[in-house]
Amino acid sequence: MKALAKQAAKPGIWLTETERPEPGHNDLLIRIRKTAICGTDMHIYHWDDWAQQTIPVPMVVGHEYVGVVEAMGSEVRGFEVGDRVSGEGHITCGHCRNCRAGRRHLCRNTTSVGVNRPGAFAEYLVIPAFNAFRIPDNISDDLAAIFDPFGNAVHTALAYDLVGEDVLITGAGPIGIMAAAVARRAGARHTVVTDINEYRLELAQRMGATRTVNVSQRSLTDVMQEIGMTEGFDVGLEMSGVPSAFEQMLGSMNHGGRMALLGIPPGSMAIDWNQVIFKGLTLKGIYGREMFETWYKMASLIQSGLDLTPMITHRFAVDDFQQGFDVMASGQSGKVILDWGA
Ligand code: NAD
Ligand code: ZN
């Protein structure tokens, strides 16, 4: 079958032919229709330090997808051949304390589709049936293909009650922008999004940010004054992984503020603990998506009218994958979809 793989330990990604995977007793074989390119795929593409330490070569990459169940193992219940599905890319062990308590997103033995096991940038993908999520008929293939990052946004944005709260989102990458849309819909008062990329700030505005701030040009404090925020943000969603953005968030939180941290900093990062202690802040790390409460919320948010379609700014046939990776690398995009022609 056709697949996009990391074929060599150097920058790039290659379209290749590989063996079609066989489903085990508890697995689904999924015929991939559409995939989306994630920031993680870009790390693998650029072959940065994290990728070099994490990705075995060769490896079929990708974990944002929608497809159709083509076959299934003999023990699978609850799915039918022909079901349209996406899936949770974190494969959990099922027997650690958190898994057994239903907190699968906290499994300490997690492996990841397209990172430590063959990914979705292929004509076929095998995953445990447990990980699959059936897509309701009224949700398009394009939107289903971005459920994985949408789930990061939903998981983070719904970490705290947002009704009437002033929310700061640092980082208008695809996940930060979708989080702004969710925050607005969940009832936040001000949803302020920061970035240094104008293209993405415009998209954030379009998706529901009440105010965007290019922090390379304007002071966040000035903007807070302009909109009448005299105390500070109630909730912070860190979605850049940039230490200076984190620091700016710490400095602009109100006392008693709550922060959810999704962005992954490049290495260990110094924190002004005095801000945390004397302001009485709460900090929560967010990893992946809750299985499967976040997935349920994603589908129902879309069904209740959240319009994510402007997030998808580019579409390419898989043979033109290089253009897709180029536009992602440029920063001048929302989500980029690759069509596998199925
Ligand atoms: P992205 O890289 O597309 O977005 C990050 C954004 O931060 C970019 O638009 C960048 O311009 C912006 N930025 C740079 N400097 C900034 C500054 N000083 N202030 C504000 N913004 C600034 O990433 P994404 O795909 O949207 O993901 C967001 C973050 O979440 C990344 O750090 C990613 O690694 C991380 N992530 C974490 C998980 C998890 O499970 N914890 C899952 C997916 C992604
Ligand atoms: Zn586990």
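All of the numbers you see were taken from the coordinates with simple rules; none came from a lab. Note that this is a predicted model, so its numbers are computed, not measured. Neighbour counts are summed over all protein chains in view; Cβ atoms, including those assigned to glycine, are modelled from backbone coordinates with ideal geometry.
Just to verify a number: FRET efficiency for Trp50 and Arg103, C-beta to C-beta distance, R0 = 25 Å, to 0.05? Don't skip to the end; give the middle numbers.
Details: r = 26 Å, r/R0 = 1.02.
For R0 = 25 Å, the calculated efficiency reads 0.45.
Restriction of the trypsin sites (Lys or Arg not before Pro) in the range 108-215 to DSSP coil positions whose beta-carbon has at most 16 other beta-carbons within 10 angstrom yields Arg108, Arg189. Summarising the strand pairing of the chain, around 55 percent of its internal DSSP beta bridges are antiparallel.
Rg over Rh for the chain works out to 0.97, using Cα positions for both radii and the Kirkwood form for Rh. Compute the Cα gyration tensor for the range 259-338, then decide on rounded, prolate or oblate, letting a ≥ b ≥ c be the square roots of its eigenvalues: rounded whenever a/c is under 1.5, prolate when a/b is larger than b/c in the other cases, and oblate in all that remain. Oblate. Which distance in nm do the two modelled labels at Trp14 and Asn214 give, with both placed 7 Å along the Cα-to-Cβ direction? Distance between label points: 4.0 nm. Restriction of the GluC sites (Glu not before Pro) in the range 135-213 to DSSP coil positions whose beta-carbon has at most 13 other beta-carbons within 10 angstrom yields no sites.
Packing around the peptides 119-132, 20-33, taken as the average count of other Cβ atoms within 10 Å per residue, puts them in this order, highest first: 119-132, 20-33. Using only the Cα atoms of the range 38-159, build the gyration tensor, take square roots of its eigenvalues as a ≥ b ≥ c, and label the shape rounded, prolate or oblate: rounded if a/c is under 1.5, else prolate if a/b is larger than b/c, else oblate. Verdict is rounded for the range 38-159.
Under the classification rounded if a/c is under 1.5, otherwise prolate if a/b is larger than b/c and oblate if not, where does the range 200-249 fall, given a ≥ b ≥ c as square roots of the Cα gyration tensor eigenvalues? Since a/c stays below 1.5, the shape of the range 200-249 is classed as rounded.
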